[in-house]
1. Pull up region 171-192, narrow it to residues that are surrounded by 11 or more Cβ atoms within 10 Å (Cβ to Cβ) and more than 14 Å from residue 54 (Cα to Cα), then point me to the one that is modelled with the lowest pLDDT.
2. Given (1) in contact with an Asp or Glu (Cβ under 9 Å, 6 or more places away or on another chain); (2) at positive phi, identify the lone condition not met by residue 75.
3. Scan region 115-161 residue by residue and report those that are under 15 Å from the mean Cα position of the chain (by Cα), modelled with pLDDT of 95 or more and in a loop (DSSP other than H, G, I, E, B).
4. Taking region 59-92, which residues are part of a loop (DSSP other than H, G, I, E, B) and surrounded by 20 or more Cβ atoms within 10 Å (Cβ to Cβ)?
5. Considering only region 102-115, I want to know if a residue exists there that is surrounded by fewer than 14 Cβ atoms within 10 Å (Cβ to Cβ), touching a residue at least 24 places away in the same chain (Cβ under 8 Å) and either of a type outside the set (D, E, K, R) or under 29 Å from residue 11 (Cβ atoms) (or both).
Amino acid sequence: MILSGHEIRKHLGKQIVIDPFDESHLNPNSYNLTLHDELLTYEEVVLDMRLQNRVRRLKIPKEGLVLNPSQLYLGRTRERTETHGFVPMIEGRSSVGRLGLFVHVTAGFGDVGFCGFWTLEMFAVQPVRIYPGVGICQIFYHRLEGDYQPYASDKYQHNRDIQPSLLFKELNPDAAWPDPQRRLPFQEQGGG
């Protein structure tokens, strides 16, 4: 069973946290989340599941940024959410989908107990200009039945930024990993 907009409002501050919350973003059975002003792209040509892939940060200016096809962009919501006792899920807004922009490739399903920002796996069918603060997706909530263990993973819980894949931590748990957003000097990258 999916919560209505009235039920979402009723549980705000208790089992559901949306920060910041804007009443005008509340829908009949969902809430519109907005796009933050930064994106990440991977710098590797071939991504490796066992390794921490390097990323590059892009700023989305007020005049917008054109997303190119065949490129994965990682974004995040401006809103931080917490969900206790319900299962949160996100889906792209139909108006965004009709522009050929996918806002999550596979990861629209959240876990009960998740607290943090939603990382968006954005992919454009054709070039499309995006803007910071635009209503990019909607969050909705399912009732949960039975006993459950709240989400407590150390990978994504309580994140504070866009989260690239951390699958490498599962596949190579004993390795020490540097910060993937650290820019190496040209010589360390194998140049000159």
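The values are calculated or read from the model by the stated rules, or taken from the named source; none is laboratory data. Since this is a predicted model, take the numbers as computed values, not measurements. Methodologically, a virtual Cβ is constructed for each residue, glycine included, from the backbone with ideal geometry; neighbour enumeration extends over all protein chains shown.
1. Only one residue fits best here, namely 175.
2. Evaluating residue 75 over (1) in contact with an Asp or Glu (Cβ under 9 Å, 6 or more places away or on another chain); (2) at positive phi leaves (2) as the failure.
3. Of everything in region 115-161, those that are under 15 Å from the mean Cα position of the chain (by Cα), modelled with pLDDT of 95 or more and in a loop (DSSP other than H, G, I, E, B) turn out to be 132, 133, 134.
4. The one that is part of a loop (DSSP other than H, G, I, E, B) and surrounded by 20 or more Cβ atoms within 10 Å (Cβ to Cβ): 60.
5. For region 102-115, residues surrounded by fewer than 14 Cβ atoms within 10 Å (Cβ to Cβ), touching a residue at least 24 places away in the same chain (Cβ under 8 Å) and either of a type outside the set (D, E, K, R) or under 29 Å from residue 11 (Cβ atoms) (or both): present.
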